[in-house]
Amino acid sequence: MKKTILSVALATAVSSTLPVFADAAEPKTSAPVSTTLQQTVLNKAAEGKASTTAGNVNINFDVLGIANALINAANANTNREGFVKGLMESAFYAAGAKYNVMVFNLSQGYETRFNGVKTFATVKYGSITYGVWVFENGSFTNKGDGGYINWAFRGWFDRNGGFVNFRRP
């Protein structure tokens, strides 16, 4: 497994493109969100938890240290439905069954409003890239096709069609 230390430039890019990580910053301070996020990402990078790349898995942010479980799940399944379900289950249990999990085919339309994101990763199945989020609460709207080949989620939620509202356990 290859580990990569993030630079301040990459941390700034992450904060500007993924604002939900502002809630992932552990201590609340008077510093601007981007500075707090940069420091959190750099601290996690120093611990080996911010960015990991292995095969078709890219762990972008991993406060919980569950990268190995996602890598193992990605390599264990040969059919697409099993792949998606395996990622979901592995992320849920690797996070101690304490957080909500969403796995989604990123080539489809969606909207996220997650709070307390603990892990975000992208995982490839052939040419299809899936996003994997581990988070405290929030909502997700699937604007594309359903089915386990495109999405799977676990945790504490209410669902109405393509809209899922997650709550804390």
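The values are calculated or read from the model by the stated rules, or taken from the named source; none is laboratory data. Everything numeric here is computed off the predicted structure, so don't read it as measured data. Note: ideal-geometry Cβ built from the backbone for every residue, glycine included; neighbour counts use all protein chains shown. For accessibility, only protein heavy atoms count, side chains too; no ligands or nucleic acids. Shrake-Rupley method; radii C 1.70, N 1.55, O 1.52, S 1.80 Å.
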Being of a type outside the set (Gly, Ala, Ser) and in a helix (DSSP H, G or I) is true for just one of 114, 92. Which residue is that? 92
Could you list, in sequence order, the residues of region 93-111 that are among the hydroxyl-bearing types (Ser, Thr, Tyr) and either open to solvent by less than 50 Å² (accessible area, probe 1.4 Å) or touching a Cys at 6+ places or on another chain (Cβ under 8 Å) (or both)? 99
Positions within region 118-153 being of a type in the set (D, E, K, R) and surrounded by fewer than 18 Cβ atoms within 10 Å (Cβ to Cβ), in sequence order: 124, 143, 145
